[in-house]
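Asker: The structure follows.
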Amino acid sequence: MYRRLAPDKLIASLVRLEGRIKERFADASLSRVCAELTEIARQTEQRAKEIARPNFALRGLVLLLLGLGVTLLFVVGHRLLISKTTSDDLFSTLQGIDSGFNILVLMGAALYFLMSLEERIKRRRALKALHELRSIVHVIDMHQLTKDPSAEVLTRQATASSPKRTLSAFELVRYLDYCSEMLSLTAKVAVLYAQSFPDPVVTEVVNDIERSASGLSQKIWQKIAIEQTAIDRLQNARAAWSNIE
């Protein structure tokens, strides 16, 4: 029960997060990004199930082609044996053996191609879907990029091109925390593909998305720590001033 990610629980967490963002920042586009991520998570649940499901039609076609190839190989081998027993020409016999060896090599290559065809189709579908999640990670990062801590903003004089600071210290911390939570949930959505289709290439891409999300989240928490330090200093200063009065 606790050894696999439950897609429905993950979607429920995203829906709850979307509601929290809307309640706190009704006009912010961050809630729309979260809504898009929620929709992708719903699609991921279905896609992951489809990727994990065996493709019986394709497997049947592969078995049919393999059967035809084995039959062809048997016919060619039979003719080579007949040719060897009815002909005394050594050159013709060697030529027939060389042709048979080439057929075996081609059959081996075709066998490998057909046996890995289903896996490669599933991998391509998973990688295409993971590209959406990789893009979402950077979209979330763009939304928090200009949300600078107050300590950094107050030490410099704003210019005409400086981003407008409309959030209070508390709201800024909440906004950054929501971004960090969205990054974490995005990585969890990506894990659903590796969980349903444990392919080495897919797993490596999932790990790369998780590393990117984790690195960006660490930067966000550095901002939160700076902002929280500024809040604590302001509260301490107010408390000290109250004691003086």
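Asker: Using θ = phi - 60° and the Karplus relation 6.51 cos²θ - 1.76 cosθ + 1.60, list the HN-Hα couplings for the stretch 117-132 in order, rounded to whole Hz, with x at every Gly or Pro.
Answerer: 5, 4, 5, 5, 5, 5, 4, 5, 5, 5, 5, 5, 5, 5, 4, 4
Asker: So which lysines pass the test for LYS49, namely a Cα distance under 26 Å, with those fewer than 8 places away in the same chain ruled out?
Answerer: Of all the lysines, those that pass the test against LYS49 - Cα under 26 Å, at least 8 places apart if same chain - are LYS9, LYS122, LYS128, LYS188.
Asker: Could you give the length gained on full extension between MET142 and ALA239, defined as 0.36 nm per residue of separation minus the Cα-Cα distance, in nm? The partial results should precede the final answer.
Answerer: Numbers: separation 97, 0.36 × 97 = 34.92 nm, distance 3.67 nm.
Full-extension gain reported as 31.3 nm.
Asker: Hey, another quick one. How many nm separate the modelled label positions at THR71 and LYS22, each set 7 Å beyond the Cα in the direction of the Cβ?
Answerer: Rounded to a tenth, the inter-label distance reads 6.0 nm.
Asker: Still on this model: If the cut-off is a Cα-Cα distance under 21 Å, which lysines reach LYS223, setting aside same-chain residues fewer than 8 apart in sequence?
Answerer: Within the straight-line cut-off, LYS223 pairs with LYS147, LYS164.
Readers should treat all values here as calculations from the given coordinates under stated rules, not as data from a laboratory. Quantities reported herein were computed from a predicted structural model and do not represent experimental measurements. Neighbour counts are summed over all protein chains in view; Cβ atoms, including those assigned to glycine, are modelled from backbone coordinates with ideal geometry.
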